[in-house]
1. Regarding the stretch A:229-281, what's the average projected area of the Cα-atom convex hull, expressed in nm²?
2. What list do you get for A:Y391, A:Y323, A:Y226 if you sort them by fewest beta carbons within 10 Å?
3. So, with +1 on the Cβ of K and R and -1 on the Cβ of D and E, and no other charges, what is the size of the charge dipole of the stretch A:1-156 about its Cα centre, to the nearest 20 debye?
4. Take the alpha carbon atoms of the stretch A:38-293, find their radius of gyration, then divide it by 2.2 N^0.38 Å using N residues; give the quotient.
5. Can you tell me what the convex hull of the Cα atoms of the protein assembly as shown projects to on average, as an area in nm²?
6. Regarding the stretch A:1-130, what whole-number volume in Å³ per residue does the convex hull of its Cα atoms give?
7. Which far-off residues, 5 or more places away or on another chain, put their amide H under 5 Å from the one on A:W195, with H placed in the peptide plane?
8. Which entries in A:K109/A:K255; A:K338/B:K46; A:K338/B:K36; A:K248/A:K289; A:K338/A:K395; A:K164/A:K185 show an alpha-carbon gap greater than 21 Å?
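What follows draws every value from the coordinates through simple rules; no lab data is involved. Given the structure is predicted, the values throughout are model-derived calculations rather than measurements. Ideal geometry is used to build each Cβ from the backbone, glycine not excepted, and the neighbour counts take in all protein chains shown.
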Amino acid sequence: MELSSIRQNFPILGQKINACDLVYLDNAATTQKPIAVINALSDYYSHNNANIHRGVHTLSRRATDLFEQARKTTAQHFGVANEQQIVFTSGTTDSINMVAQGLSKLYLKPGDEIILSMLEHHSNILPWQLWAEENGGHLKVIPLLADHSLDYSAFEKLISPKTKLIAITHVSNTLGLVTDVEKIKSVANRHNIPWLLDGAQSAPHMPVNLSVLNPDFFVCSAHKMYGPTGCGILYLNERWLSELPIAKTGGGTIKTVSFEKTEYVEGALRFEPGTPNIADVIAFAEALKYMDAIGMQQIFKHESELVQYAQTLMKEIPEIDMYGIHDHKAGVISFNVKNQHPFDVGTLLDKYGIALRTGHHCTQPLMKHLGVQGTIRISFAIYNSKQEIDYFIEKLKKVIKMLS
Amino acid sequence: MATMGIEEIEKEIIEEFDFFGDDWESKYEHLIELGKSLPLIAAADKTDDKIIQGCQSRVWLNADFDDNGMVYTADSDAIITKGMIALLVRVLSHQNPTDIIRANLSFIDKIGLKEHLSPTRANGLLSMVNQMKKEALKRL
Ligand SMILES: Cc1ncc(COP(=O)(O)O)c(C=O)c1O
């Protein structure tokens, strides 16, 4: 697909902000939605809306089919043969909390240790910290090397007989650095430790085949993948699909209920109590189809080119400090302008129609490690172009002048 | 008391900003200049307990009282925020507490910088205005 025709699929991109063309570079926070996704939402409510599972009427069957078809589409997208391993949640944060609460019931014991990394998003820190605080557990943190990539040799040294889980980001939302999953996996497998991969920032940008990566848990959010907000997935391997204790319960998850004893269903539905987010799940499947039609490899290639292009131009601006410069990055660049507050730079660039993010990006431990209050982050999606980067660089230089 | 009342100063600022018309770049350059020329807050007053937590830019506010009314000094680590602070300090310093509490500060809207006082804005300015009023309330 041509870039120009891709852009036309996103109605929001055509607008002006402060009389300038919108240049949307805040994709790591959330991506824009293609018309196919927007239409799926409106089609669902216009033609197919009903509560799913157990309904005998036509609409309910239709909605149920669409919902369960979405599960199959999602499983296929991630190379998963058994679609029951795909649980729909409200997003990455919800998924991680479900795993943390579930594991804390039977599996995690006082004194146990969980390994995280310095790069983690707060959503992959706080659920574990809560467990640790409430149960006398401990968090161990993989440090970073001078280039801000994970220190894999230090990682292996953190493993102890008490290590019960490794929970790690696939791609850093602040720096865009890609975790060497094979290294994590080989250590985890050698020591027989379950591991969770936070794919919130990898799933939007690169092919992710879960039957090859084979983590115990994988989580991501639809809204960062051209899909709707309030929707995401929790992938569990076969073991945890049957063994993970549920964190929440209610209607739709049972075979039989009596006040004495309830028998739960097997599979994904066990983790989906109550009426799920039917419309958004169905629209999410459209987002996945949209990405697959372009090709994840193609998306990664396009965004990598943008990263390289922008990094090269930014290296030539002497007032800029970039963090985590790397050849292999997933669509994210973090930087600061020397002696300027990110907030000022972001405020002025917004005036030129450029949407980007400033602050700590929900990674305060990483900010502390970098020795900064915050950074300015630009992040790319399939619809961004080199022309937009040229425009961004031109305006960035101008803003630097205005502030100095 | 100050020789000019709050509304008079507001009017003066509006006239100053009218000069820029629709040229937001010059307007922001002016704001940045104001930020740079904001008298420094005494180091002893730039303590953590004087921080007004905005999400991103930090704001320090110190309030005193003398014969001329309230005396505010303030600072921020972001220069645009500092420019806004300079305007607020200029309007509210040396005014009597009653007038400060009543001030609706509509000049911010009239000079086209209202977005900086919106509750979603990550700069702590709205909280600063509230804090300025709270300090005035203590001196009634
Ligand atoms: C790496 C990472 N993990 C987790 C999250 C949380 O995702 P959500 O807010 O969609 O639950 C994000 C989102 O910013 C992220 O980038």
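1. Numbers: hull surface 16.6 nm².
Across all orientations, the stretch A:229-281 yields a mean hull projection of 4.2 nm².
2. Working: A:Y391 17, A:Y323 21, A:Y226 29.
Listed from fewest to most nearby Cβ atoms, that is A:Y391, A:Y323, A:Y226.
3. On the way: 11 positive and 16 negative charges, 159 e Å.
It comes to approximately 760 debye.
4. Values: Rg = 18.7 Å, N = 256, 2.2 N^0.38 = 18.1 Å.
Taking N as the residue count of the stretch A:38-293, the ratio is 1.03.
5. Working: hull surface 118.5 nm².
Across all orientations, the protein assembly as shown yields a mean hull projection of 29.6 nm².
6. Values: hull volume 27.2 nm³, N = 130.
Hull volume over Cα atoms, normalised by residue count, gives 209 Å³.
7. Residues meeting the amide H criterion: A:I166, A:D216, A:F217.
8. Working: A:K109/A:K255 30 Å; A:K338/B:K46 23 Å; A:K338/B:K36 16 Å; A:K248/A:K289 30 Å; A:K338/A:K395 16 Å; A:K164/A:K185 14 Å.
Those over the limit are A:K109/A:K255; A:K338/B:K46; A:K248/A:K289.
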